[in-house]
Amino acid sequence: MRDKIIETILDSKDEFISGEEKDFTRKIISLRKDLLNFKRYYQQLELIFDELLANENDLLSDSGVRYCGIIQRRIDHLLNDAVNLRDYIAMVLDSYQSQLDYRQNNLMKVFTVVTAIFLPLTLLAGWYGMNFVHMPELSWRFGYPAVCLLSAAIVLFCIWFFKK
């Protein structure tokens, strides 16, 4: 069972890294839930074998106590495996979340730059979209080409500024 869980974790991690993520979070949460159930089960078994090993009522013979000790050590090993696997799954989930955060931050950076570049142009479009009859640019022969050049200069300045 342990090997199956490790294989599932590694396959899911490889799918995520290659970009073929399909219900990655659901798989990881399901595995964590399974491991939590295993951990509880092994803890209960460990408590039972602790009581058997105490042998307060002389219920077991010496060989029975020895066999119970062997079983308890195996249960302890399985419990430690379950705890280690839960820690590993938590680490994989944190890695997945940080990868998603990195992708989202890059996307937000692009949106921020695009917004910052086009915000001055939006202001100019709003200003010149108003219906004023007596604007100084209307009477000047090169008024609109000057506004176009000013807009292009603003965009180029913003791109240069944000690249720095």
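The values are calculated or read from the model by the stated rules, or taken from the named source; none is laboratory data. It should be emphasised that the depicted structure is a prediction, and the values quoted were computed from it without experimental measurement. When we count neighbours, we look across all protein chains shown, and the Cβ atoms used for this are built from the backbone with ideal geometry, even at glycine. Ligands, DNA and RNA are stripped out before the accessible areas are found, and what is left, the full protein with its side chains, is counted by its heavy atoms. Shrake-Rupley method; radii C 1.70, N 1.55, O 1.52, S 1.80 Å.
The rows are residues; the columns are (1) within 30 Å of Ile9 (Cβ to Cβ); (2) open to solvent by less than 60 Å² (accessible area, probe 1.4 Å).
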{"residue": "Tyr42", "(1), (2)": "yes, yes"}
{"residue": "Gly64", "(1), (2)": "no, yes"}
{"residue": "Gly69", "(1), (2)": "no, yes"}
{"residue": "Arg103", "(1), (2)": "yes, no"}
{"residue": "Leu107", "(1), (2)": "yes, no"}
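Here's the yes/no breakdown for (1) surrounded by 11 or more Cβ atoms within 10 Å (Cβ to Cβ); (2) among the hydroxyl-bearing types (Ser, Thr, Tyr); (3) in a helix (DSSP H, G or I); (4) touching a Pro at 6+ places or on another chain (Cβ under 9 Å):
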site: Lys4; (1), (2), (3), (4): no, no, yes, no
site: Thr8; (1), (2), (3), (4): yes, yes, yes, no
site: Thr25; (1), (2), (3), (4): yes, yes, yes, no
site: Leu35; (1), (2), (3), (4): yes, no, yes, no
site: Asp50; (1), (2), (3), (4): yes, no, yes, no
site: Gln72; (1), (2), (3), (4): yes, no, yes, no
site: Ala90; (1), (2), (3), (4): yes, no, yes, no
site: Leu100; (1), (2), (3), (4): yes, no, yes, no
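Condition check ((1) under 17 Å from Ala90 (Cβ atoms); (2) at pLDDT 80 or above; (3) within 35 Å of the chain's Cα centre (by Cα)) across all residues:
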{"position": "Ser18", "(1), (2), (3)": "no, no, yes"}
{"position": "Lys39", "(1), (2), (3)": "yes, yes, yes"}
{"position": "Gln44", "(1), (2), (3)": "no, yes, yes"}
{"position": "Ser61", "(1), (2), (3)": "no, yes, no"}
{"position": "Gly64", "(1), (2), (3)": "no, yes, no"}
With respect to Asp76, is the statement that it is modelled with pLDDT under 90 and either part of a helix (DSSP H, G or I) or at positive phi (or both) true? no
Scanning segment 140-160 for residues that are aromatic (Phe, Trp, Tyr), more than 43 Å from the chain's Cα centre (by Cα) and loosely packed, with under 11 Cβ neighbours inside 10 Å gives Phe142
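Hey, among Ala125, Ala82, which residue is open to solvent by less than 40 Å² (accessible area, probe 1.4 Å) and not charged (D, E, K, R)?
Working: Ala125 fails: open to solvent by less than 40 Å² (accessible area, probe 1.4 Å).
Just one listed residue meets the conditions, Ala82.
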